[in-house]
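Undergrad: Okay, handing you the structure first.
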Amino acid sequence: MFNLPNLLAFARLLIAPVMFWIILNPQVFTDMGWHVSWNYYAASLLFVIASVTDFFDGYIARELDQITIVGQILDPLADKMLTLAAFLGLMMAGAASAWAIYIIIVRELFITGLRTLSLSEGIDISASWAGKVKTVAQMIAIGFLLMHWPFGDMLLWIAVALTVYSGIEYLIGFSKAYQNRSNA
């Protein structure tokens, strides 16, 4: 339970609310005499650090054979908390489309619940290729939106499309696995 991959995932859980708070409180930086955009730079730095831990926790877990049930639940939960904290903060700060964020939130919560249910039912719906591409697309969109770079909105809608697609893919995979289990 307490291994390095799980600790890295837990670190992401701790970073998420701090990043959210920083996005929504630019006065912290202006009170120190810094430009208002420094809150986005600080949030971006935290987001990059947390995203790197996401890569390493999976790599370490596979290489050192430290995959655990706790990690299988904690890792996607930490990913969701991190991306949702960033997306909600950006939306509340007026830097991202509310509709895009609502679509992402509904999908993420639904699939996280579905994956948790599947684990309790003994059904494996591990991360798919589309789910991994979706995560990368969301992370890139968040980075662009946090830094106020061009094409951030376009990248957000691409991430939304991939989010919906991968959600449908997970739902189909779960349905097939559940039917196969019921028929066996």
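Undergrad: State the extension gain, in nm to one decimal, for the chain segment bounded by SER128 and ASN3, taking 0.36 nm per residue of separation less the distance between their alpha-carbons.
TA: Computed gain between SER128 and ASN3 is 42.6 nm.
Undergrad: On each of the three principal axes of the Cα atoms of segment 59-111, give max minus min coordinate, whole Å, ordered largest first.
TA: Cα spread of segment 59-111 along its principal axes, largest to smallest: 43, 20, 13 Å.
Undergrad: If you place +1 on the Cβ of every Lys and Arg and -1 on the Cβ of every Asp and Glu, how big does the dipole about the Cα centre of segment 4-183 come out, in debye to the nearest 20?
TA: With only Lys, Arg, Asp and Glu charged at Cβ, the dipole is about 300 debye.
Undergrad: At 0.36 nm per residue, minus the direct Cα-Cα distance, what do TYR59 and VAL18 gain on full extension? Give it in nm, one decimal, please.
TA: Using 0.36 nm per residue and subtracting the Cα-Cα distance, I get 12.2 nm.
Undergrad: According to the Cα gyration tensor, what semi-axes, each the square root of 5 times an eigenvalue, does the equivalent ellipsoid of segment 33-76 have, listed from largest to smallest in whole Å?
TA: Over the Cα atoms of segment 33-76, the semi-axes work out to 32, 10, 5 Å.
Undergrad: Right, next: Kindly put ASP31, ASP54, ASP75 in sequence by how many other C-beta atoms sit within 10 Å of each C-beta, fewest to most.
TA: Lowest to highest Cβ neighbour count: ASP31, ASP54, ASP75.
Undergrad: Say each of LEU117 and TRP149 gets a label point 7 Å from the Cα, pointing the same way as Cα to Cβ; how far apart are those two points in nm?
TA: Distance between label points: 3.8 nm.
Undergrad: Further question: Starting from the Cα-Cα distance between VAL52 and THR30, subtract it from 0.36 nm times their residue separation and give me the gain in nm to one decimal.
TA: Answer, rounded to one decimal: 5.1 nm.
Undergrad: Of the labelled options (1) 11.0; (2) 31.6; (3) 14.1, which one gives mean projected area of the Cα convex hull in nm² as computed for this structure?
TA: (1)
Undergrad: Starting from the coordinates of the alpha-carbon atoms of segment 34-142, obtain the Kirkwood hydrodynamic radius over all distinct pairs and give the value in Å to one decimal.
TA: 15.3
Undergrad: Hey, what does the equivalent ellipsoid look like for segment 4-52, semi-axes from the Cα gyration tensor as sqrt of 5 times each eigenvalue, largest first, whole Å?
TA: 25, 9, 7
Undergrad: So, one more: Over the chain, what relative contact order in percent results from Cα pairs under 8 Å that are six or more residues apart?
TA: Taking the mean separation of contacting Cα pairs over the length of the chain, I get 24 percent.
Undergrad: Identify, among ASN25, ILE158, LEU146, the residue whose Cα sits farthest towards the positive end of the charge dipole of segment 4-183, taking +1 on the Cβ of Lys and Arg and -1 on the Cβ of Asp and Glu, with the dipole about the Cα centre.
TA: Going by the charge dipole, the pick is ILE158.
Undergrad: Tell me, PHE56, PHE20, PHE2 in order of fewest to most beta-carbon neighbours within 10 Å?
TA: Starting with the residue having the fewest Cβ neighbours, the order is PHE2, PHE56, PHE20.
Undergrad: Which whole-angstrom value gives the distance between the alpha carbon centres of segment 149-163 and segment 33-90?
TA: With segment 149-163 and segment 33-90 each reduced to a Cα centre, they are spaced 19 Å.
Undergrad: Counting other beta carbons within 10 Å of each Cβ, put THR112, THR163 in order, fewest first.
TA: If I rank by nearby Cβ atoms, fewest first, I get THR112, THR163.
Here, each number is a calculation from the coordinates, and none is a lab measurement. Quick caveat, the model's predicted, so the values are computed rather than measured. Heads up, the Cβs are rebuilt from the backbone with ideal geometry, glycines too, and the neighbour counts pull from every protein chain shown.
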